[in-house]
Amino acid sequence: MKNIVALVDCNNFYASCERVFRPDLEGKPIIVLSNNDGCVVARSNEAKAIGMPFGKPVFKAEYLIKKHNIYVFSSNYALYGDMSHRVMQTLEQFSPDLEIYSIDEAFLGLNGFADRDLTEYGKKIKTTVENWTGIPISIGIAETKTLAKVANRFAKKSKDYKGVLDITDLSEHEIDKFLKKMDVSDIWGVGWQYEKLLKRNNFNTAYDLKYAPDKWVKKNMTVMGLATVFELRGIPSIDLEEVIPHKKEIVSSRSFGRPVETLEEMEEAVATYVTTATEKLRRQKCLASFIQVFVATNRFKPEEPQYSNSYMYELPEATDCTVDFIKHAHENLKKIFRDGYRYKKAGVMLSGIVEQDKYQLNLFTESYFHSRNKLLTEIIDNVNKKWGSDTLHYAATGIQKPWMMKRAHKSPHFTTQWDQIRVVKADDNKE
């Protein structure tokens, strides 16, 4: 049976999420900034056309922003995460085989759809996603995941394909025409180090790499590089992964909006990061037995005293309880915190992660699964899930949080906070 894979990619995802709830911004340039409103991390097509570079520090882009009246947004990850979930739920309607590759990309297995007009099916997927979520997408369809990425790139770049390109029925010669137009650095799985290696050896395009000697590729790019080459030749070598593997480590860390100089504020920040990390831990139904706390000053300010340190602690028993982790995190923090420094960043890392149903209990201690803390944690999670994040929160995380990162241009939580849902008013007297 012919292998068929579709890559669905959301166009300018962060900028598109902002535009869903601001239809007045249709056709206008939008940029989204990184944490602390530092750099440009997402651009609408209009902002790209103006010449707004990706990754440019926003203070160096002020001239372009004012000259072209560019709309600026701080990152709103709660909104982006929820919109991504809606897109993925919509895609599930079209195939039982779905691999969520990233927040804005997914592979669909279409092996059972070979008798259909795949271009028309792709258009149906595209129209449905855009109507149900408001997020524009592009779709590339091919016989391998790597070629689907190639097809998606051209579907997005060329208006001729109207967002959907199926290359499953093209001849090898016709596919090679696409590969000749694609720089080797744009191939899925080729990073900057491989790019330098390949170009040093005169492999400049995807076409060049497709016909590279297997022996040379395996020697210089390992078997994973060889798998990429096979995929460019139309030989499926990278499987669809429908089950997302659990993370072996969970890190929660942020730069502060202003320097933190007191232990009290640092404890609030660490408790907040512990809360975020343990929520992720519970979502993947796992427990962790190690916690590491780390702090650091701003190394880009050499005129200030510099200090960084970390401390790892093994808990007596693996748990997913936020209260327990906050307690141990604060104990660890006191061992590494030093007065007299202006801290820029802190964070926590959970490790020693195991699945809940595979953890061996201790016969000589009270099981967390039957404790009051377990019940308390479940109640808080359920309330926040129903009524919005932070409806209930731990006192240790603070209230005003003056150290929080800058988000001067953040849009409301349109889809996750009841009090921030968009209100639409209709006038019955107007036709």
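Please go through region 315-338 and pick out each residue that is open to solvent by 10 Å² or more (accessible area, probe 1.4 Å) and modelled with pLDDT of 90 or more.
Val323, Asp324, Ile326, Lys327, His328, His330, Glu331, Lys334, Lys335, Phe337, Arg338
For residues that are among the β-branched types (Val, Ile, Thr) and assigned to a loop (DSSP other than H, G, I, E, B), scanning just region 374-401, find the one that is most open to solvent (accessible area, probe 1.4 Å).
So, considering only residues that are among the β-branched types (Val, Ile, Thr) and assigned to a loop (DSSP other than H, G, I, E, B), the one most open to solvent (accessible area, probe 1.4 Å) is Ile399.
How many of the residues making up region 108-135 are of a type in the set (Phe, Trp, Tyr) and modelled with pLDDT of 95 or more?
Count: 2.
Residue by residue, here is whether (1) at pLDDT 95 or above; (2) among the polar types (S, T, N, Q); (3) surrounded by 14 or more Cβ atoms within 10 Å (Cβ to Cβ) holds:
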site	(1), (2), (3)
Val190	no, no, yes
Tyr194	no, no, yes
Asn204	yes, yes, yes
Leu209	yes, no, yes
Lys218	no, no, yes
Met221	no, no, yes
Gly225	no, no, yes
Leu232	yes, no, yes
Pro236	no, no, yes
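Residues that are in contact (Cβ under 8 Å) with a residue 12 or more places away in the chain and open to solvent by less than 10 Å² (accessible area, probe 1.4 Å): list the strands (runs of 3 or more DSSP E) wholly contained in region 75-174 that include at least 2 such residues.
105-109, 137-142
Go through region 9-32 and count every residue that is of a type in the set (Lys, Arg) and either closer than 30 Å to Ile141 by Cβ or in contact with a Pro (Cβ under 7 Å, 6 or more places away or on another chain) (or both).
So the count comes out to 1.
In contact with a Lys or Arg (Cβ under 7 Å, 6 or more places away or on another chain), more than 30 Å from Ile291 (Cβ to Cβ) and among the basic types (Lys, Arg): does that describe Lys219?
When the stated conditions are applied, Lys219 does not pass them.
Please count how many residues of region 102-123 are farther than 17 Å from Ile167 by Cα and not small (Gly, Ala, Ser).
Number satisfying all stated conditions: 3.
Filter region 402-429 down to the residues that are touching a helix residue (DSSP H, G or I) at 6+ places or on another chain (Cβ under 9 Å) and exposed (fewer than 14 other Cβ atoms within 10 Å of the Cβ), then identify the one that is farthest from Tyr343 (Cα to Cα).
Here the answer is Trp418.
The values are calculated or read from the model by the stated rules, or taken from the named source; none is laboratory data. Computed from a predicted model, the values in this text were never measured in an experiment. Glycine gets a Cβ as well: all are built from the backbone with ideal geometry, and neighbour counts include every protein chain shown. Just the protein is used for accessible areas: all its heavy atoms, side chains included, with ligands, DNA and RNA removed. Shrake-Rupley method; radii C 1.70, N 1.55, O 1.52, S 1.80 Å.
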